[in-house]
Amino acid sequence: RPVHRGKYLPYTLAPGLLGWLKDSIGTGRIAQGGFLWRGALVAPSPLLHTVQLFFNIEDTALEYHSDWPALTAVEGIVFIDDSRVSVWAPSARLLDSQVKDLGVEVWQDAGDQLMLDARAHISGPAADGLAAINDSPLGPASGGVFAQWSVSGDLATDLSLRLNLSDQRAAPQ
């Protein structure tokens, strides 16, 4: 179960990354996992070792950022490679919509900023698209222009989102 992940995550991972992993991966099931360490076991130096973990997850929640709607029913793989986390999932849910071909990458850039990149294909009720705008930083950024709107019908979209997780003031892309 993801609730026990803290027992298996090496303390040598960057603090920002450890914090993101603690806060982002919610309830669910780990069907399989693995751990790989390459390097010395004494006086470790980040330049002399590699830490890799993977988890096959089922029916798991992923809250990649508290200001954005969480993903649920995520079925896929979480791969941790030193200071980079990748989540690949053929299926998940966002509100009442179906998410396909989800890819989430989290890494520390050259300035030690924790960055997130998410891509997916999403289909479902158009109301979910409107809710995702209004209930995220896009709502205030648009001046609340969509707050009183209502929509019906279906939505099919491609998502491409980049967030600076270290700097809440940085605008999403």
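The values are calculated or read from the model by the stated rules, or taken from the named source; none is laboratory data. Since this is a predicted model, take the numbers as computed values, not measurements. Cβ placement follows ideal geometry from the backbone for every residue including glycine, while neighbour counts extend to all protein chains displayed. Side chains included, ligands, DNA and RNA excluded: accessible areas come from the protein's heavy atoms. Shrake-Rupley method; radii C 1.70, N 1.55, O 1.52, S 1.80 Å.
Structural remarks
- Of the candidates 61, 147, the single residue that is under 15 Å from residue 25 (Cα atoms), modelled with pLDDT under 95 and not acidic (Asp, Glu) is 61.
- Verdict on residue 155 being touching a Phe, Trp or Tyr at 6+ places or on another chain (Cβ under 7 Å) and crowded, with 16+ Cβ neighbours inside 10 Å: no
- Residue in the range 124-140 that is within 15 Å of residue 74 (Cβ to Cβ), part of a strand (DSSP E or B) and touching a residue at least 24 places away in the same chain (Cβ under 8 Å) present: no
- Counted residues, the range 141-156 - those being farther than 27 Å from residue 86 by Cα and outside any loop (DSSP other than H, G, I, E, B): 2
- The residue pairs whose first member lies in the range 101-115 and is under 17 Å from residue 78 (Cα atoms), whose second member is of a type in the set (Asp, Glu) and part of a strand (DSSP E or B), and whose beta carbons are closer than 6 Å, counting only pairs six or more residues apart or on different chains, are 105/117.
- Near pairs, Cβ below 8 angstrom, 6+ apart or cross-chain, from the range 51-69 (in contact (Cβ under 8 Å) with a residue 40 or more places away in the chain and among the polar types (S, T, N, Q)) to any residue that is assigned to a loop (DSSP other than H, G, I, E, B) and open to solvent by less than 40 Å² (accessible area, probe 1.4 Å): 60/26; 60/28
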